[in-house]
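Please read the structure below before turning to the comments.
The values are calculated or read from the model by the stated rules, or taken from the named source; none is laboratory data. For clarity, every value in this text was computed on a predicted model and none was experimentally measured. Glycine also receives a Cβ, built like all others from the backbone with ideal geometry; neighbour counts cover every protein chain displayed. Please note that ligands, DNA and RNA were not included when accessible areas were found on the heavy atoms of the full protein model with its side chains. Shrake-Rupley method; radii C 1.70, N 1.55, O 1.52, S 1.80 Å.
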Amino acid sequence: MTAQPLTTDSPVVDPIVFRNVVGHFASGVTVITTVVDGQPYGTTASAVSSLSMDPPMMLACLNRSSSTHDRVVEAGVFGINILAEDQAHLAMQFGRKGPDKFAGVAYTISENGVPLLDGALATIECRIAETATGGTHTVFLGLVASASAADRQPLAYYRGTMGRLERVLEVKAYDGVRDWVLKRRTALGSVLDPVAIGEAIRSEPEQAQNALVKLTAEGLVMRNDEGLLEPQPITADTTDAAYDGRATIESGVIASHLGRLTDADVAELRRIVAELEALRTDATGQLDGFLALHVAYHNRLVSVAGSAALVDAFRRLGIGTVWRQALTAEEWSRQLETSHIRDLTEALAARDADAAQAALAAHTAFGKKLARDVVARHGGTV
């Protein structure tokens, strides 16, 4: 076969394929900041790199649709805040559109007048030297005016997951294997093959095996009489334990960390509730989309505690497979309702801990009863 050289007329790769492939490039996570008329602006960016040592220069790419992009152009200066491993919540907060991304965020105005995030792994302040455009983005070439670093671990980004790099790979494998098990891609009564699963989820077999061991401890995988691993049937006791565990964590967050809840958190929770309610009334609404929003809501609430470990523990108690396996496309929107979660949101907005605890208890009781009913309809296991 004769290779055909690339030309200006050659077709470009499909965007979905490109997104998947470029996601294999592990990178750090940064927040680009600037200030105009005393108002700080910021946005999350991963397309950042060093450009030159002499003179010291950095490269940062920002989408032209970002409000921060225009403020960087206006100010002529920007800060690069390289996030530490415990700052994934900042990456999420600055990655969303909103009127005040700095709400509840600790930062310092530098001597050069640039807002820098407290606790960052490293900060670099730049003055724009040149710009270029590429697709939807502007490439800012910045002369470095100041730089500093702390003795901390970086926040890494790989294939949609953030954390320590080695931890990112473990989490990716765990999430993939857990999803595999809960979606019953290996049927009940069949043996789980870590090699085949690892290949399907693009993780090493050893990582898939370790994930299966973790799921054994969590009661989602069991060993058969021959010592081989199989999916564990989900019973009403399983769903009760999961709901109780999640409620214990969320109740603890409300009791201990309600004061850390920011207006930005409330706005995001309200936005998710509105999307949940719209999805339920949309004839074309999909259960997977509803469940994904539900997960995002509760993860955001638990993240108020500022503990990645707590969010991880909470996430591991999710049992969305019950709804995916047991509710039909025609009935899910009638079965899954949002009134309790709406009440919880408004109680949180009012910083009313008692009302929030009551709404959470009602939400948990509703979920437990519905899960028990669904499991019973399927013969006692899912």
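Side notes on the structure shown:
- When the chain is described by a simple charge dipole with +1 on each Lys and Arg Cβ and -1 on each Asp and Glu Cβ, the residue from Val72, Leu83, Ser333 located farthest towards its positive end is Ser333.
- The stretch 36-171: C-alpha gyration tensor shape, a/c 1.5 cut-off, then a/b vs b/c: rounded
- Each Cα pair under 8 Å and six or more residues apart adds its separation to the average, and for the stretch 222-321 the resulting relative contact order is 34 percent.
- Accessible-area value, Asp263, 1.4 Å probe, nucleic acids and ligands omitted, Å²: 110
- Within the chain: Cβ-based charge dipole about Cα centre, in debye rounded to nearest 20 (Lys, Arg +1; Asp, Glu -1): 400
- Shown are Leu310, Leu182, whose ranking by accessible area with a 1.4 Å probe and every protein chain present, most to least, is Leu310, Leu182.
- Of the residues Tyr157, Leu51, Ile254, the one whose Cα sits farthest toward the positive end of the charge dipole of the chain, with +1 on the Cβ of Lys and Arg and -1 on the Cβ of Asp and Glu, is Ile254.
- Shown are Met162, Met53, whose ranking by accessible area with a 1.4 Å probe and every protein chain present, most to least, is Met53, Met162.
- For the stretch 246-382, with +1 on Lys and Arg beta carbons and -1 on Asp and Glu, the positive-most of Leu344, Gly289, Ala371 along the dipole: Ala371
- Geometric descriptor of the chain, per residue, is 194 Å³ (volume of the convex hull of the Cα atoms).
- Pairs of Lys residues in the chain, spaced 8 or more positions apart or belonging to different chains, with C-alpha separations under 29 angstrom: 10 in total.
- Contact order normalised by residue count of the chain, Cα under 8 Å, 6+ apart, percent: 13
- With DNA, RNA and ligands ignored, accessible area of Val105 (1.4 Å probe; Å², nearest 10): 20
- Going by accessible surface with a 1.4 Å probe and the largest first, Trp180, Trp332 read Trp180, Trp332.
- Gaussian network model of the chain, springs between alpha carbon atoms under 10 Å - residue of Gly227, Gly95, Gly259 with greatest fluctuation: Gly227
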